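Since the structure comes first, as structure tokens, the remarks are kept for the end.
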Amino acid sequence: MCGIVGILKSNSLKNEAIDILKKLEYRGYDSAGISLFEKNRIRTIKSIGKISELEKKSKKFSDKNFTGIIGHTRWATHGIVNRNNAHPFSDENLTLVCNGIIENYLKIQNRYIDIPSHIQSDTEVSFYFLSYLLNKYKNPDEAIKTFLKTIKGNYAFVIFIKKNNSFYLLKNGSPISLSHKNKSFYVCSDSSILSNYHNKIYHLKDGDIVKINNGNIKKLNNNSKISFEDNSVSQNPYDKGKFQHYMLKEIHEQPKVLKDTQLIYGSEFFIDFKAKFENLFNVDKLVLVGCGTAYHACMIGEYYFNKFTNLDVSSELASELRYKNISNNNKTLYIFISQSGETMDTLMALKYIKKYKHRSIIITNSLQSSMVREADVTIPTYAQKEVGVASTKAFTCQILSLANLSLEVGKMNKVISHIDYKKNIKILNLLPVKLKNLIKDFTPIAKYLAKKISLVNSCYFIGRNISYPIALEGSLKLKEISYMHSEGFPGGEMKHGPIALIDKDTMTVCINPNNELYEKSLSNAQEISARNGKTIILTSAKRTKKAGTEMKVPNLPKENFIDTPFIYSIPLQLISYYFALNEGTDIDQPRNLAKSVTVE
Ligand code: F6R
């Protein structure tokens, strides 16, 4: 995990590096550090916690004395959170930062006596190892090449060596991009941030060693030319506007980004779907793969494909898929879902299925990400940058992509009629207005329900069929931003064990759309009430029966199968948000988490 930055030649390099690190905090915020290059020395400043701490510590240094800077924000993997384990690691000649994990660091540590045995951090071991190589080889380029040949893992390094006044970038697996104009260079682990500085960008490839010296740039691993692509400037997603948190802003943005997404799919993306995708979907099996919230989107997609197509479809957690034997006898299409396009578990699962020659689609919000470069086909989600750690608008855009895709496949394979296809597309087109009203109307209810949840110790979410993944996502949202104990269950499973958890100090939120399972799910809620558990029933149905301790929640808008996940997920996002707000947690950057999980 972690975020890295490097800048060479700028009038304001320290302030810019700090600003970029703040934007990179979504990758982790356990500790942070910078190294500034002066004519005759390297100056390193480190701090524990968020970038604001580093900013305070570095205030006394003015930009004018420095020619370059590297910086890092850490999400701890190897070694506890302390100042020593913070990056950069530096001495009088060398400084480096790393994003990723060096898997063979213990082997390296045991082999070279110059490396202290008490060191816990894989990057610090790498630092000592490179320092040893720089002493051994006269030419720093040779030391770097040997370093790269020896280390194993997924990583991106930014390194500065004072002896030859050179900047080196190394990549394997983890993303790193470079932009430049004249003699000024910017390096970052998130290419979208670089668009604020230069509009020409190069995404390093695995195995790359890029060296920058005195404004000249070259590759040391091969003679191929570094070709910079266009990276046009986007709107500023870091402006919270009138909202207290990014999460609330992003919840409110959903009608707009879903509208944009639907417009693009309708007007250009799916035109000639058959010509573009027929071959791809001519498969025996479809597997949807993701992690966390993206996995819940996969589960929802599974229900869509199951309903609208005749494909044999399943969902898999990316972190588990890699350890399963997969067959290369049958033709399988894998659809990967990832907001960031960088989640290491998902990226590794994608690389794994490629070994078996299966085809792949990536549905992502990050068009310049590593997964886009690996997959056969990319389907964008157009949610725009999501800054809050808890995924909201990216999730609903993922579901919208899957809804459209399943309808297109169903139509192409003649499983659904043209009339049904049109009917469902119309429902999706009307969704933005429906959701705008829903957010407005449900906000006071969410505040009320959030207060009720604060009276219990645990909160459970139940649902059947397509409401089951909605329940799982509702539970994940609540626990990740408020730290409240919470679980999601399929409604029918409660009586097979989980109902033992129910007592008066529990709240169960029952996701109960007005469909053929309405009565059955209502019975599940009543079984909970009968055991003194508190319940909230979310439904669009005008209820005749009332469960014992049920909360009175006004009706949700009337739903159809295809828009159920949107109509029920957004109220759950709002409930979690207002509950966490009452709890006073760090909603946009909850403890122990990071926006983009680039370790396995
Ligand atoms: C939860 C959340 C995570 C991510 C997961 C996958 O709110 O955001 O569970 O969904 O880490 O991330 P991406 O979609 O970037 O692959």
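What the table below lists for this structure:
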{"item": "Listed residue pairs exceeding 32 Å between alpha carbons, taken from Lys393/Lys558; Lys9/Lys219; Lys57/Lys205; Lys23/Lys440; Lys136/Lys357", "result": "Lys57/Lys205; Lys136/Lys357"}
{"item": "Extension gain (nm, one decimal) between His485 and Lys60, 0.36 nm per residue minus Cα-Cα", "result": "148.6 nm"}
{"item": "Whole-Å distance, taken between Cα centres, linking region 97-148 and region 177-215", "result": "24"}
{"item": "Surface share of carbon and sulfur [accessible, 1.4 angstrom probe, percent] for region 1-97", "result": "47"}
{"item": "Interchain or long-range residues, amide H under 5 Å from Leu288's placed H", "result": "Ser314, Ser315, Glu316, Ile335"}
{"item": "The chain: antiparallel DSSP beta bridges as a percent of all, rounded to 5", "result": "60"}
{"item": "Listed peptides 82-93, 356-367 by packing density, highest first (mean Cβ within 10 Å)", "result": "356-367, 82-93"}
{"item": "Rounded Å value of the spacing that divides the Cα centres of region 8-49 and region 274-345", "result": "39"}
{"item": "Accessible area in square angstrom per residue, the chain, 1.4 angstrom probe", "result": "41"}
{"item": "Prolate/oblate/rounded label for region 209-356 (Cα gyration tensor, a/c 1.5)", "result": "oblate"}
{"item": "³J(HN,Hα) computed for each position of region 68-75 - Karplus, 6.51 cos²θ - 1.76 cosθ + 1.60, integer Hz, glycine/proline x", "result": "x, 8, 10, x, 8, 10, 10, 10"}
{"item": "At most 16 other Cβ within 10 Å, DSSP loop - GluC sites (Glu not before Pro), region 211-319", "result": "Glu278"}
{"item": "Interatomic Cα distance distribution for region 17-153, bins of 10 angstrom, percent", "result": "12, 40, 35, 13, 0"}
{"item": "Descending Cα extents along the principal axes, region 98-220, whole Å", "result": "45, 28, 21"}
{"item": "Sites Lys200 and Glu38, calculated FRET efficiency, Cβ-Cβ separation with R0 35 Å, nearest 0.05", "result": "0.75"}
{"item": "Cβ-derived FRET efficiency at R0 45 Å, Lys240 paired with Thr146, nearest 0.05", "result": "0.45"}
{"item": "Val415/Asn330 FRET efficiency (R0 30 Å; Cβ-Cβ; nearest 0.05)", "result": "0.90"}
{"item": "Relative contact order (%) - criterion: Cα under 8 Å, at least six apart; region: region 165-258", "result": "25"}
{"item": "Sequence ranges 322-330, 284-292, 56-64, ranked by mean other-Cβ count within 10 angstrom, highest first", "result": "284-292, 56-64, 322-330"}
{"item": "5 Å-binned pair-distance histogram of region 296-345 (Cα, whole percent)", "result": "5, 16, 24, 27, 18, 9, 1"}
{"item": "Region 461-600: C-alpha gyration tensor shape, a/c 1.5 cut-off, then a/b vs b/c", "result": "prolate"}
{"item": "Pairwise label distance in nanometres, Ser224 with Asn560, each label 7 Å out on the Cα-Cβ vector", "result": "4.7"}
{"item": "For region 112-127, Karplus couplings with θ = phi - 60° (6.51, -1.76, 1.60), whole Hz, Gly/Pro x", "result": "10, 5, 5, 8, x, 7, 7, 5, 9, 8, 4, 6, 5, 4, 4, 4"}
{"item": "Around Ser58: net Lys/Arg minus Asp/Glu count, Cβ-Cβ under 13 Å", "result": "+3"}
{"item": "All-pairs alpha carbon distance profile, region 380-465, 5 Å steps from 0, percent", "result": "3, 10, 13, 16, 19, 16, 11, 7, 4, 2, 0"}
{"item": "Cα gyration tensor shape for the chain, rounded if a/c is under 1.5, else prolate or oblate", "result": "prolate"}
{"item": "Whole-Hz couplings from phi, Karplus 6.51/-1.76/1.60, listed for region 61-66; x for Gly and Pro", "result": "8, 8, 5, 5, 8, 10"}
{"item": "Square roots of five times the Cα gyration tensor eigenvalues for region 433-511, Å", "result": "22, 17, 10"}
{"item": "Around Tyr568: net Lys/Arg minus Asp/Glu count, Cβ-Cβ under 10 Å", "result": "-3"}
{"item": "Computed helical MRE - 222 nm, the chain, DSSP H runs ≥ 4 contributing -39500 (n - 2.57), nearest 500", "result": "-11500 deg cm²/dmol"}
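The values are calculated or read from the model by the stated rules, or taken from the named source; none is laboratory data. Since the model is a prediction, treat every value here as computed from it, not as a measurement. All Cβ positions, glycine included, derive from the backbone under ideal geometry; neighbour counts span all protein chains shown. Protein only, heavy atoms only, side chains kept; ligands, DNA and RNA dropped before computing areas. Shrake-Rupley method; radii C 1.70, N 1.55, O 1.52, S 1.80 Å.
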